[in-house]
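The values are calculated or read from the model by the stated rules, or taken from the named source; none is laboratory data. Since the model is a prediction, treat every value here as computed from it, not as a measurement. Reconstructed Cβ throughout: ideal geometry from the backbone, glycine too, with neighbour counts over all protein chains shown. Please note that ligands, DNA and RNA were not included when accessible areas were found on the heavy atoms of the full protein model with its side chains. Shrake-Rupley method; radii C 1.70, N 1.55, O 1.52, S 1.80 Å.
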Amino acid sequence: MEADGVSIWPRMEPFLLGALQVTPSTKLSLHYLRKMAVYVRTRDGCFPILGWPMWRHIACGKLQLPEDLAWLYFETFDLLIGHSPGERLEWAEALSQCSTKSELDQQRSELTVDTLQFLLFLYIQQLNHLSLRTSLIGEEWPSPRTRSHSSSDREAKTSSQSKSFLFDRQNWDDQAHLSFVQSHLAEVLELMVEPGQLSQSGQALRECQISLEAVRSLGLLLEGSAGAGKAVQPVHQLLTKGPLLVQSGYSTLSRSFPLHKLLSCLQHNLTLNPFGITACLRSGKKLAWAQQVEGSMKRAKIARNVHTAPPGSKMVLMSQVLNQTLAKTSDKLTGANIKIHRCSNAFIYLLSPLRSVSVDKCRDSTVVLGPVETSVHIHSCQNVRVVCVAARIAIGTSSRCTVHSLTPTRPLLLPGNSSITLGPYHTFYPSLEDHMASVGLAVVPNVWDQPLLLGTDGLANLNVSSVADPACYRLLAPAEFHMLVVPFQMEGDTCEVPGGLPALYQEAVDEKKRRIQSWQRTVMEARLNKEQKRRLQEIVEIKFHEWLLETGRRQELDSLIPTSMASLNDSTDKEAADTTGAKDGKRVRTGRGVGQSPMAC
């Protein structure tokens, strides 16, 4: 960001949370969106607010999209925009009372969105389509043609590091966001133009005007600042005052902007997001851990920007945590977008209210999360177990992964999955229900067992050959079900799984308890002498340790031996003390085994 000038940049969350990570339907191309932009402005009940009934009419009747896919886009956009936790809980309660499809449709009809912002949301679905095409032709992304000419060698080096961190995940790549906006800003602005100012082919005329209300909707994608250290503002505020007032051509009389001047102004002032992943890797605070050891932890990298970033841009990046247990509940995590990347043989507990979580290219690991306000995305993982309460679950190109979830939306199974297991949420920690309330997540509705399969063409239609293989997943068998215990002491009132377990799984738990009680009675009734009891105990311990080794649970157990006290909470704000101590008086017991350290980030 220039020290003495106005800067405008792409917001992170529309791309991170809004762009579905699957090639979009061809019905969402610019050609069709131009037609939709004209249609919604010339029909009653479509503009400036669009409701579910009219969007379903457009999507299913005009664009020929399946209704499930139409609702997926509508619902995803609603998750992206701001709602208070109370509003989310009220919506969940209303949905939970719907017992028929007609009642559900009636309740969905209450949901409305900003029409122009929804058009922009549909347009940015092209992000992953374009990145796929770019990767096929081998062109650098972003290309030299669209990269800012002011990029320094240091920025280029950091960009290279972020590429290594991102593995072609365009949703996280702020360089790709900037390139996308730079390359397609003219088309974006055309969607904002009123129909009377369009040519017969649907393109905007050079002298057309864009209203202030339309530019206000552009704030979904863009924000900025009047200078370094200044407050972040919506883009329309920057364009209507200060140094950009004349440059943008804004007229206070007509409350509009000339299209060509607005386009030129935005292109001239566009820059890389100063709170994006590139800046976080370059200047974000590094997080160390208590009792850090050499060896496997030397490669681990964790950074955060939560000390400087505005809401919606807070992130914590974790990479290459190997053979370790990492646990934390902290204000530094609250409301942050988390990226967990290339972790192996790790046990990660992030027990705070989170904004979003991405688990990328991890293997042989367990990730237990606090409530996630928007989405949990699992990408290119192998043999990973994720346990979460989240508004949305998405799984893509992963194998042998198990997800235990409580979620009000149908889990998304993207292309490339195999041997995915879906199970009910099966754990708790003392402050869980308070955390759920703080992000607006309730125990009902809960549709963890009703996945939606998306194909390579974006169609949710099981009769289409390109759709993900229905055999790529299964529901966890009750006989295989076990509860998960969060092995830390914390403050709070939650003492059971919120909402309870589904009946079949509760029966399985009860049956296991009965078997244990039966075994205990058998031992008591056997009236063993002291030597027989000792021998029986030895046999049981041997079998138990064999089971620990066979299942890989030995490592998890060793990392939790309570040889010392450690805190999962914040330390003081001093960087030197960032790894030890408790700030809020909430302490968690953990420990370390031979060659391992519990870590608090």
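Quick rundown of the values:
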{"quantity": "Inter-probe distance in nm under a simple model that places probes 7 Å from Cα toward Cβ, at Tyr39 and Glu90", "calculated": "3.1 nm"}
{"quantity": "Computed lengthening from Leu549 to Ser283, 0.36 nm per intervening residue step minus Cα-Cα distance", "calculated": "91.6 nm"}
{"quantity": "Low-density loop cleavage sites - trypsin sites (Lys or Arg not before Pro) in region 43-97, where at most 16 other Cβ are within 10 Å (DSSP)", "calculated": "Arg43"}
{"quantity": "Cβ-based net charge around Ser518, under 12 Å, with every Lys or Arg adding one and every Asp or Glu removing one", "calculated": "+3"}
{"quantity": "Environment charge at Thr240 (Cβ cut-off 11 Å; Lys +1, Arg +1, Asp -1, Glu -1)", "calculated": "+3"}
{"quantity": "Counted charge near Val443, where neighbours are those whose Cβ lies closer than 14 Å (Asp, Glu -1; Lys, Arg +1)", "calculated": "-3"}
{"quantity": "Too-long pairs where the Cα-Cα distance tops 20 Å, listed order kept, from Lys301/Lys361; Lys301/Lys328; Lys285/Lys314; Lys241/Lys314; Lys285/Lys332; Lys35/Lys62", "calculated": "Lys241/Lys314"}
{"quantity": "Solvent exposure ordering (accessible area, 1.4 Å, most first) of Leu253, Leu220", "calculated": "Leu253, Leu220"}
{"quantity": "For Lys230, solvent-accessible area (1.4 Å; no DNA, RNA or ligand), Å²", "calculated": "120 Å²"}
{"quantity": "Accessible surface, 1.4 Å probe, highest first, among residues Ser99, Ser405", "calculated": "Ser99, Ser405"}
{"quantity": "Å² of accessible area per residue within region 267-417, as computed with a 1.4 Å probe and no ligands counted", "calculated": "27 Å²"}
{"quantity": "Accessible heavy-atom area order of Met54, Met483, highest first, probe of 1.4 Å", "calculated": "Met483, Met54"}
{"quantity": "Å² of accessible area per residue within region 1-69, as computed with a 1.4 Å probe and no ligands counted", "calculated": "41 Å²"}
{"quantity": "Whole-number D in µm²/s for region 45-107 (Stokes-Einstein; Kirkwood sum over Cα pairs; 37 °C, 0.692 mPa s)", "calculated": "253 µm²/s"}
{"quantity": "Accessible-area composition of region 310-467, carbon plus sulfur, in percent [1.4 Å probe]", "calculated": "48 percent"}
{"quantity": "Accessible surface of region 168-239, 1.4 Å probe, proportion on carbon and sulfur as whole %", "calculated": "46 percent"}
{"quantity": "Bridge type composition, region 298-371 - antiparallel percent by DSSP, nearest 5", "calculated": "15 percent"}
{"quantity": "For peptides 422-432, 471-481, 321-331, 533-543, sequence by mean Cβ density within 10 Å, most packed first", "calculated": "321-331, 422-432, 471-481, 533-543"}
